[in-house]
1. How big is the stretch 159-252 by Rg and Dmax over its Cα atoms, in Å?
2. So what J values fall out for the stretch 123-130 if you push phi through Karplus, 6.51 cos²θ - 1.76 cosθ + 1.60 with θ = phi - 60°, rounded to Hz, Gly and Pro as x?
3. Where the only charges are on Cβ atoms (+1 Lys, Arg; -1 Asp, Glu), what is the dipole of the stretch 100-239 about its Cα centre, to the nearest 20 debye?
4. Compactness ratio of the stretch 95-186: Cα Rg over 2.2 N^0.38 Å, N = residue count?
5. Starting from the Cα of LEU335, step 7 Å along the direction of its Cβ; do the same at GLU312; then give the gap between the two resulting points in nm.
6. Cβ neighbours within 10 Å, averaged per peptide: list 219-230, 183-194, 35-46, 114-125 in order, most packed at the top.
7. Per residue, how large is the accessible surface of the chain? Use a 1.4 angstrom probe and give square angstrom.
8. What does the charge count near ASP122 come to, summing +1 for each Lys or Arg and -1 for each Asp or Glu among other residues with Cβ under 10 Å from its Cβ?
Amino acid sequence: MGNAERTRFYETIGKEQLAPLWEVLHKLVAREPAPRAAPHLWAWDAVSPHVLASGDLISAEEAERRVLILENPAMPGQAKAVDTLYAGLQLILPGEVARAHRHTASALRFLIQGSGAYTAVDGEKTYMEPGDFVITPSWGWHDHGHEGSEPVIWLDGLDVPMIQFYGASFAETYAQQKFATNKPSGYTRARYGANMKPFGDDIEGATSPIFSYPYSASREALAQMHAAQDLDAHHGIKLEYINPLTGKSAMSTISTFLQFLPKGFTSRPYRATDHTVYSVVEGRGTVTVGETDATVMEWGPKDHFAIPGWAEHKFEAHEDAVIFSFSDQIVQHKLGIWREIRS
Ligand code: GTQ
């Protein structure tokens, strides 16, 4: 058959909502993973003045959530930092309340700057210090507030792009501004945070009952492992936040990590199919992404960067460094599609 004949055939079958697979087969099932996202770094010095300026532009009350989205340059207007994940920087000012709502999307907070702010989840407030990792589980009521004296900025990470893919991203607004406090702050930590659990509690929820992981404890773990030279050639020292009831990832749809790279460390090249957003806590260094036409990103404290799935990358630490990251790895594990290459 000639090309003209084929084109005519495609037009004919198109009227019946049919399409020829053979024209798209190798795009649908490609030889290599092909994420849309580009590697990108949001430097704190460039970003933070705008985050603070948003405080003069709109109140937390009017905005509901006053957030500047970290938008991947290869996917403008889609509210994606990487193909599968949303990230944003949320500002809350002293005395403000971001009203109670809940949504099918799961959220994480990673506190970047300031103190005195809290997130309340289903009636339990958790106050956040820099480096603390806090979970808002799917469909949990949550409001944010600030009882301190300086602006607080945290990183929001959500699985929205994945939930949108299922056409299932929806929310409900609570009738009151705040969900009434019904437990003392730290109560859930007392119940589940001592490597113990209440007798007879065999309920394994999708998400960790612990919803606050303080930096002090995670940082100390990294320090002791560093002292013992417990280094992985590709990841340095990388710990995953877990659900103490299952030993699996703390969140059901987002994998979360805290990683230490000692000064002078150069990681071996690594790639995996999950898409990752990084938030630098301490130290400086570079990450080189890609082989030919490599992108070299220089990072320092409070910088954020995105590394798309399957992009080969390696880290160099110029100082002792601590980096928080989150990815869709757990979802890919559940789907049985996660792959990695350690070079
Ligand atoms: O704090 O509940 O960055 O619902 C985006 C959507 C934060 C939140 C975001 C949200 C929230």
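The values are calculated or read from the model by the stated rules, or taken from the named source; none is laboratory data. It should be emphasised that the depicted structure is a prediction, and the values quoted were computed from it without experimental measurement. For neighbour counting, all protein chains shown are included, and Cβ atoms are generated from backbone atoms with ideal geometry for every residue, glycine included. Note: accessible area is taken over every heavy atom of the protein model, side chains too, but ligands, DNA and RNA are not part of it. Shrake-Rupley method; radii C 1.70, N 1.55, O 1.52, S 1.80 Å.
1. Here Rg and the maximum Cα pair distance are 17.6, 52 Å.
2. Karplus-based 3J(HN,Hα) across the stretch 123-130 equals x, 10, 7, 10, 7, 10, 10, x Hz.
3. 160 debye
4. Numbers: Rg = 13.2 Å, N = 92, 2.2 N^0.38 = 12.3 Å.
The value comes to 1.07.
5. Those two pseudo-labels are separated by 2.5 nm.
6. Details: 219-230: 12.9, 183-194: 14.7, 35-46: 17.5, 114-125: 20.7.
Result, highest mean Cβ count within 10 Å first: 114-125, 35-46, 183-194, 219-230.
7. Working: 16860 Å² over 343 residues.
Ligands and nucleic acids excluded, the result is 49 Å² per residue.
8. Working: positive: ARG102, LYS183; negative: GLU124.
Computed value for this residue: +1.
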